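Nothing in this text is a laboratory measurement; each read-out follows from the coordinates by a stated rule. Here the structure is a predicted model, which is why all the values come from computation and not from measurement. Glycine also receives a Cβ, built like all others from the backbone with ideal geometry; neighbour counts cover every protein chain displayed.
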Amino acid sequence: MKRPSGGYTLTEVLFTTVLIGVIGLLIYSLLITGTILGAKNTATNTAHQQARMAMLQMVQDLHSAISLPQLIDTHGSPMPAPSPGASPSNAQGISFQLWSQGPYRIAADRTVSDNTVLIEIPAVNPAPIPGQRLIVPTHQIEDDITAVSGPSSPVGGYVQYTLTLTHTLQYVDPASNIPRGAAISGTGSPTFYNISCYIADRCSYIVTNQQLQWHGPTTHKAFSSLGSDIMSPTPFSIPTTPAGALYYRIVAAIDLSTTDSQYSHRGFKSANILLNGQVPARARLTTYQ
């Protein structure tokens with residue numbers, strides 16, 4: 001008898017092909033979903049870690065500040081404080097001052113019309129540089145240094161520098177219409193007062209092009225940018241108390257919310273994460289910004 005030839009029918013082949021396709025599609029869907037979830041979790045964790053590091057750095061700097069923080073715009077110009085009872089205004093950045101050098105001794109008298117100050121510092125110390133800030137707490141003299149001349153010949157291990165300031169030692173503050181500064185007298189005979197001064201660095205954190213950037217002495221920081229992909233153009237604010245006064249408890253908080261608009265229809269979004277650091281305001285050397 002003739003043996004019938006074996007094989008698959010067309011129906012069997014089509015059924016098998018469809019079954020393999022369905023199983024492959026399910027496996028692919030599981031793999032792509034797992035890949036997307038893994039990538040988004042990694043991105044969320046990276047953003048969380050980046051925000052935490054930025055907050056810790058800002059808290060440390062604010063704790064070390066010798067001035068009250070001030071809101072600034074993207075160019076570093078100060079923004080006006082909110083009126084009592086008004087909501088705190090948001091800004092692109094925040095500025096403050098960090099101690100750099102001193103205390104040093106003022107070596108010569110100056111009148112209110114002078115815009116230079118002669119200081120005496122140890123010869124081994126670095127010279128002040130333009131852009132830093134001179135602070136004389138006892139005379140309410142606080143001004144930016146525009147030029148530095150010197151040093152003089154060392155005497156007893158000390159040298160002298162002449163610092164040129166932006167304003168005269170006494171001028172009327174246009175913002176408050178209040179006179180600032182005073183004449184320096186008594187550094188020589190017969191009183192020989194020791195009038196101390198300090199050198200400070202004006203520092204700031206500013207959000208530019210969605211990056212949190214550090215502006216200050218590069219010798220103090222190994223970074224220039226602390227974060228990226230910051231969507232809020234004005235993330236800084238100084239809160240107010242119920243009475244309307246500015247709340248200077250020195251708070252650094254980050255409200256982190258991560259999402260991806262390309263995948264929002266799949267429901268892959270992370271919850272908001274609030275990082276908060278609070279330190280007490282320390283004794284200040286400066287009165288003005």
Inset, instruction - Sum up the charges of everything whose Cβ sits under 15 Å from the Cβ of Val136, counting Lys and Arg as +1 and Asp and Glu as -1, but leave Val136 out. - result: -1
Inset, instruction - Enumerate the calculated ³J(HN,Hα) couplings along the range 228-235 in order (Karplus 6.51 cos²θ - 1.76 cosθ + 1.60, θ = phi - 60°), each rounded to whole Hz, writing x wherever the residue is Gly or Pro. - result: 9, 6, 8, 7, 7, x, 10, x
Inset, instruction - Determine the gain in length on full extension of the stretch Thr17-Ala182; use 0.36 nm per residue of separation and subtract their C-alpha separation, reporting nm with one decimal. - result: 50.1 nm
Legend entry - For the range 34-45, Karplus couplings with θ = phi - 60° (6.51, -1.76, 1.60), whole Hz, Gly/Pro x: x, 5, 5, 4, x, 5, 6, 5, 5, 5, 5, 5
Inset, instruction - Quick one: which residues, 5+ away or cross-chain, put their amide H under 5 Å from the amide H of Tyr171? H built at 1.01 Å from N. - result: Arg180
Inset, instruction - Please list, in chain and number order, the residues 5+ apart from Asp73 or on another chain whose amide H is under 5 Å from its amide H, with Hs placed from the backbone. - result: Met79
Inset, instruction - Step through the residues of the range 116-129 one at a time and calculate ³J(HN,Hα) from phi using the Karplus curve (6.51 cos²θ - 1.76 cosθ + 1.60, θ = phi - 60°), rounding each to whole Hz and writing x for Gly and Pro. - result: 10, 9, 9, 10, 10, 9, x, 4, 7, 7, x, 6, x, 10
Legend entry - Residue-count net charge about Ser152 - beta-carbon cut-off 14 Å; Lys, Arg +1, Asp, Glu -1: 0
